[in-house]
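Data first, discussion second: the structure below is written as structure tokens.
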Amino acid sequence: MTPALIRGRTLSFNRAPQSIDDSAAYAYESDGALLIENGLIKAAGTYTAVKAAAPEGVEEIDHRPHLIVPGLIDTHLHFPQMQVLASYAANLLEWLNTYTFPEECRFVETAHAERIAGHFFDEMARHGTTTATAYCSVHKASADAFFAESLRRGTCMVAGKVMMDRNAPQGLLDTPETSYDETRAVIANWHGKGRNHVAITPRFAITSTPEQMEVARSLLSEFPHLHVQTHLSENRDEIAYTCELFPEAQDYTDVYARYDLLGRKSLFGHCIHLSEREADAMSESGSVAVFCPTSNLFLGSGLFPLRVLTRREKPVRVSVATDIGGGTSYSMLKTLDEAYKILQLQGERLNPFETFYMMTRGNAEALSLTDRIGTLEPGTDADLTVLNMAATPPMALRAEVVNSLADELFLLQTMGDDRAVAETYVGGRPAKSPLDAIQAD
Ligand SMILES: [Zn+2]
């Protein structure tokens, strides 16, 4: 791949901002550039400095006046739920049983899984999301389709074949044995191939027998470097039912702890209603609580206590995610807009530097992947999102009176969606404009 110089205003975080005035938390260049070579960021800084270091005659792509940020990261979603999104249900358990489980049954068909995987990666590119942590369905075919498409597109993805052996329709059940064999096969076929990462993925405690939870424990002890993803403490009925199914556990978190599934690479979707003891257990193990704002509002699950979890004496690591299809938008911008409102309802603020940190470096830290993604640091993968704060007429009108970076970020987060994404680069290659060209045909 020939080197390219991508010019625009650039923003990258080196740590979490402590306040809206904490300018030491990020690097911003009003005329910045990135030198991209072989899918990597070779140099970053001012246009003048990067241009001086670039090879003679380098191709230049000028995105001014747009803002270039690291590719957005989504730490929890379900790729087989693209046709579940916007299903009319009263709550989590009704939504699962009425819409989600029947839909996921269709992923036993390879052709269906491949078709939806194609749409999924298109939507990620259109929304500026370059890495996602995804649940496939219980069927190995769904994981094969997902990872094959990821390999083809060159994306950094974390995903897993869902393990579930009870409390769901027959077409969605594996067994402890098949979940072990098929997860091992998915690891052997896909982990480390291209930029793919396989996660051990028991759906949640309700749909796994103790025997299957033992299998998850064995898989993690065999592959301790892998991510683990599951759901925890989303809904009161779910919590009560889980505690009935595992009466020996102290609480919901303890169900996972008893199978050694807590840890720094373990991602727990939701964590809305944790007790103090559970939050301590999450903190002590370095586990990540994944905040899914649009899903929590849509399913009426509750208000994620972000500040309670992060400000406590034993802070809990957090990340943020769409949770498609319980979530209602693929856009991380819209997701952070709803996160902002959830904090407002708790009398808290969420400043725009913090939200942009969360969508980029913060989520990369939660995935333990900052050496590859989440920043514009030289040596990391060239996943970039180019944002246009004047993408729609009302945004353009509002943008006329924007006079600071904080204002711009807040405008993007509050009014932006896929239309604000001018381009997405995956490993240095444009991923959104080819889709726009297809649609224009
Ligand atoms: Zn979920």
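The values are calculated or read from the model by the stated rules, or taken from the named source; none is laboratory data. None of the values given here were measured: they were computed from a predicted structure. With ideal geometry, Cβ positions are generated from the backbone for all residues, glycine too; neighbour counts draw on all protein chains shown. Surface accessibility is based on the protein's heavy atoms, side chains included, excluding ligands, DNA and RNA. Shrake-Rupley method; radii C 1.70, N 1.55, O 1.52, S 1.80 Å.
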Extreme residue, most open to solvent (accessible area, probe 1.4 Å), among residues of the stretch 1-17 that are under 30 Å from Arg349 (Cα atoms) and among the small types (Gly, Ala, Ser): Ala16
Per-region count, the stretch 119-149, residues out of contact with any Asp or Glu (no Cβ under 6 Å at 6 or more places or on another chain), part of a helix (DSSP H, G or I) and over 19 Å from Gly160 (Cβ atoms): 4
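Looking at the stretch 195-214, which of the residues that are part of a strand (DSSP E or B) and among the polar types (S, T, N, Q) is surrounded by the fewest Cβ atoms within 10 Å (Cβ to Cβ)?
Step one: of the stretch 195-214, the residues part of a strand (DSSP E or B) are 196-202.
Narrowing the set further to residues that are among the polar types (S, T, N, Q) leaves 196, 201.
Working: Asn196: 20, Thr201: 29.
Ranking the qualifying residues of the stretch 195-214, first place goes to Asn196.
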Which of the numbered conditions does Val290 fail, given that it passes all the others? Conditions: (1) within 13 Å of the ligand (Cβ to nearest atom); (2) open to solvent by 10 Å² or more (accessible area, probe 1.4 Å). (2)
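Look through Ile20, Ile68, Ile73 and report the one residue that is open to solvent by 70 Å² or more (accessible area, probe 1.4 Å), β-branched (Val, Ile, Thr) and closer than 30 Å to Glu348 by Cα.
Details: Ile68 fails: open to solvent by 70 Å² or more (accessible area, probe 1.4 Å); Ile73 fails: open to solvent by 70 Å² or more (accessible area, probe 1.4 Å).
Exactly one residue qualifies, and that residue is Ile20.
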Among the residues of the stretch 277-287 satisfying the criterion of being open to solvent by less than 10 Å² (accessible area, probe 1.4 Å) and of a type in the set (A, V, I, L, M, F, W, C), which is farthest from the chain's Cα centre (by Cα)? Ala279
Quick check on the stretch 154-175. Is at least one of its residues part of a helix (DSSP H, G or I), in the same structural domain as Lys265 (by the TED database) and under 16 Å from Lys432 (Cα atoms)? no
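List the helices (runs of 4 or more DSSP H) inside the stretch 355-441, counting only whole elements, that have at least 3 residues being free of Cβ contacts under 8 Å to residues at least 24 places away in the same chain and of a type outside the set (Asp, Glu).
Numbers: elements: 363-366, 393-399, 405-415, 433-440.
Of the helices (runs of 4 or more DSSP H) lying wholly inside the stretch 355-441, those with at least 3 residues that are free of Cβ contacts under 8 Å to residues at least 24 places away in the same chain and of a type outside the set (Asp, Glu) span 393-399, 433-440.
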Somewhere in the stretch 27-50, is a residue farther than 19 Å from Tyr425 by Cα, open to solvent by less than 20 Å² (accessible area, probe 1.4 Å) and small (Gly, Ala, Ser)? no
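How many residues are more than 21 Å from the chain's Cα centre (by Cα) and within 16 Å of the ligand (Cβ to nearest atom) when one looks only at the stretch 260-272? First the steps, then the outcome.
First pass over the stretch 260-272, keeping only residues more than 21 Å from the chain's Cα centre (by Cα): 260.
Subsequent filtering for residues that are within 16 Å of the ligand (Cβ to nearest atom) retains none.
Count: 0.
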Somewhere in the stretch 164-185, is a residue in contact with a strand residue (DSSP E or B) (Cβ under 9 Å, 6 or more places away or on another chain), within 26 Å of Ile373 (Cα to Cα) and modelled with pLDDT of 95 or more? yes
Counted residues in the stretch 299-326 being within 12 Å of the ligand (Cβ to nearest atom) and either of a type in the set (A, V, I, L, M, F, W, C) or open to solvent by 20 Å² or more (accessible area, probe 1.4 Å) (or both) come to 3
Collect the residues in the stretch 215-232 that are surrounded by fewer than 24 Cβ atoms within 10 Å (Cβ to Cβ) and among the polar types (S, T, N, Q), keeping them in residue-number order. Ser218, Ser221
Out of all the residues in the stretch 165-188, which are within 22 Å of the chain's Cα centre (by Cα) and open to solvent by less than 10 Å² (accessible area, probe 1.4 Å)? Thr183, Val186
Report yes if some residue within the stretch 97-112 is closer than 30 Å to Met415 by Cα, in the same structural domain as Tyr241 (by the TED database) and in contact (Cβ under 8 Å) with a residue 60 or more places away in the chain; otherwise report no. yes
If Gly347 passes every condition in (1) outside the structural domain of Ala43 (by the TED database); (2) of a type outside the set (Lys, Arg); (3) closer than 26 Å to Gly428 by Cα; (4) open to solvent by 30 Å² or more (accessible area, probe 1.4 Å) but one, which one does it miss? (3)
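Working only within the stretch 67-99, note down all residues that are part of a helix (DSSP H, G or I) and within 14 Å of the ligand (Cβ to nearest atom). First the steps, then the outcome.
Initial filter on the stretch 67-99 (part of a helix (DSSP H, G or I)): 79-81, 92-99.
Passing the criteria: Phe79, Pro80, Gln81, Leu92, Leu93, Trp95, Leu96, Tyr99.
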